[in-house]
Amino acid sequence: MSPSETNSATGRQPGPDGPDASMAWELLLPAASAPARARGRSLQAALRDAVRSGRLAPDTRLPSSRDLAADLGVSRGLITEAYEQLTAEGYLRSGRGSGTWVGGAARAARPRARDLAPRSPGTRADFVAGTPDLSLFPRSAWATAQRGVLTELPHHDLGYPDPRGLPQLRTALAELLARRRGVVADPERIVVVSGVAQATALLGSVLHARGMRTVGVEDPGSPQHDALYASAGVTTVPMPLDDEGLALGPLRRSGARAVMTTPAHQFPTGIAYSARRRTELLDWARSVDGFVMEDDYDGDFRYDRAPVGALQGLDPEHVAYAGSVSKSLAPGLRLGWLLVPEALADEVVERKRTMDLGHPTFDQALFARFVERGDYDRQLRRCQRAYRERRDTLVAALEQHLPGSEVSGIAAGLHVIAELPRQYGPQQRFLEHVAAAGVAVRPLTDYTHARAGDQETEGVRLVLGYAHLAPKRIRAGVRLMAAAVSG
């Protein structure tokens, strides 16, 4: 006979409550074998899971505490305590003299943990821009810094932090950014954030509170800006570019008093704003009592000369400057910084406080030590060498396998714009062929605000990311692409 017919421990037949009640014995028997100190918690967890998963259906009458304790070979007190606890939580119900029943509040749910991280599954070559080479993450140096912080971090630093960030990190960042990017960096006006995305949302929220309902964004530009500003109740207005940067005429006519820019290395076109355009943009901001948001996402990576200094250094009262370690270390660290004009500082700090009560202090202390020891500078030099080689490899592979292709934009960053000869168009057909060959690419039109009907083009202009690919994989990927569209 099965356990539902005869209890092997007691030899008793199922009682008048029927086989559903005897199921409790089967479901709880493994928990009853837990160590004595954990047995009560194990029984409660097993019974809770049985109700939540639906294995014990609503309105099932459970055995009495005496009978179930005898069946399981445990004390009656453990069963009584489990029944009382789950009755208090709503999983069970009971009434004087009527026994204990499974309640109807719990709903069965299939447990699952999906991974929604962006991926390019099933690809043989992935040229989608935006990801650094994560294998370059300095694990040894990071672990050394981590051990030091674990040993030396004061206990009080594990409490709620200053919403701006730990003073140690803000001081280290001020020195680093002034030295490398030419910013005017007052530690009192640096806010540690979880990346440029949070910096953008913070600024959008503050602008909305000040009555600003629109912000200009570069077109083409990052597709994330629209959603980030929309979450703060701010509408984005696309602003066209010319050869020198964001065009000022449309910006002046738009009525916007704030604009998001990537002046050191415009994403995705790859141009650097000219000195004249940088001056004109700041003159506009002063004339409307507005602000320029500067996203310096890959400003450290320039391969033909020293990087151009940040726009913020020319007018820190009208430029909010944001950056992160997402391209230099890893986006999964979720660590960045925001330098705010004095006029916005208090509002940004208060909004940061209400948003998350501050960035994790251990992560801040670790990165501060990493910067202070010179490890971050070494990491930037390491990436600089690797990414320059990969850019050169990609340009050479395009010349060899897709002759006539033209690469535009300055020699910087983690991607290039490649315009292919017209023979490889139209663009939609090209994209279909390379996708069928397992090559992931994105056209420049994916980054524009043009309507869907305006997306089809005869020519092919691609945004090709290369930083995350070893030179061998770059060459193989370009060969695959060329083979897919040949003939």
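Just a few scattered comments:
- Taking 7 Å steps out from each Cα toward its Cβ at Asp186 and Asp283 produces label points 2.7 nm apart.
- Debye intensity ratio I(q)/I(0), log10, the stretch 315-363, q values 0.17, 0.19, 0.22 Å⁻¹ (C-alpha model): -0.63, -0.76, -0.92
- A Cα-only calculation for the stretch 342-400 places Rg and Dmax at 19.5, 55 Å.
- Histogram of C-alpha separations across the stretch 262-365, 5 Å bin width, %: 2, 11, 18, 21, 18, 15, 9, 4, 0
- Placing a pseudo-label 7 Å from each Cα along the Cα-to-Cβ vector at Gln384 and Ala209 gives an inter-label distance of 3.9 nm.
- Convex hull volume of the stretch 82-154 per residue (C-alpha atoms, cubic angstrom): 253 Å³
- Counting only alpha carbon atoms, the long axis of helix 361-372 and the longest principal axis of the chain meet at about 40°.
- Relative to the longest principal axis of the Cα atoms of the chain, helix 275-287 runs at roughly 70 degrees.
- Cα convex hull of the stretch 184-268 - mean projected area over all directions, nm²: 6.3 nm²
- The stretch 250-301 shape via C-alpha gyration tensor axes, a/c threshold 1.5: prolate
- Radius of gyration and Dmax over the Cα atoms of the stretch 320-438, both given in Å: 20.9, 56
- The calculated FRET efficiency for the pair Leu158 and Gln428, based on their C-beta separation and a Förster distance of 56 Å, comes to about 0.55.
- For the stretch 369-423, the equivalent ellipsoid derived from the Cα gyration tensor has semi-axes of 33, 10, 6 Å, listed largest first.
- Note on Asp162: accessible area is roughly 50 Å² with a 1.4 Å probe, heavy atoms of protein only.
- For the stretch 22-169, carbon and sulfur atoms together expose 51% of the accessible surface, with a 1.4 angstrom probe and every protein chain in place.
- Net charge dipole, the chain: roughly 1160 debye, given to the nearest 20, about the Cα centre with Cβ charges of +1 for Lys and Arg and -1 for Asp and Glu.
- Rg and Dmax over the alpha-carbon atoms of the stretch 120-256 stand at 19.8, 57 Å.
- Nitroxide proxy distance, nm - points 7 Å out along Cα→Cβ at Ala34 and Leu116: 3.2 nm
- Surface analysis of the chain yields an accessible area of 47 Å² per residue, using protein heavy atoms and a 1.4 Å probe.
- Which of Thr393, Leu150, Ser408, positive extreme of dipole for the chain (C-beta unit charges): Leu150
- Crossing angle, helix 139-152 versus the chain [Cα axis fit, 0-90 degrees, rounded to tens]: 60 degrees
- Charge-dipole axis of the chain as Lys and Arg at +1 and Asp and Glu at -1 on Cβ define it, positive-most pick from Gly90, Thr269, Leu173: Gly90
- Taking 0.36 nm per residue of separation and subtracting the Cα-Cα distance, full extension of the segment from Leu27 to Ala484 would add 158.8 nm.
- The mean sequence separation of alpha-carbon pairs under 8 Å and at least six residues apart, normalised by the residue count of the chain, gives a relative contact order of 17 percent.
- Only protein heavy atoms count here; under a 1.4 Å probe, Ser33 has an accessible surface of about 90 Å².
The values are calculated or read from the model by the stated rules, or taken from the named source; none is laboratory data. All values reported here derive from a predicted model rather than from experimental measurement. Backbone-built Cβ (ideal geometry, glycine too); neighbour counts: all protein chains shown. In case anyone asks, the SASA skips ligands and DNA or RNA and just uses the protein heavy atoms, side chains included. Shrake-Rupley method; radii C 1.70, N 1.55, O 1.52, S 1.80 Å.
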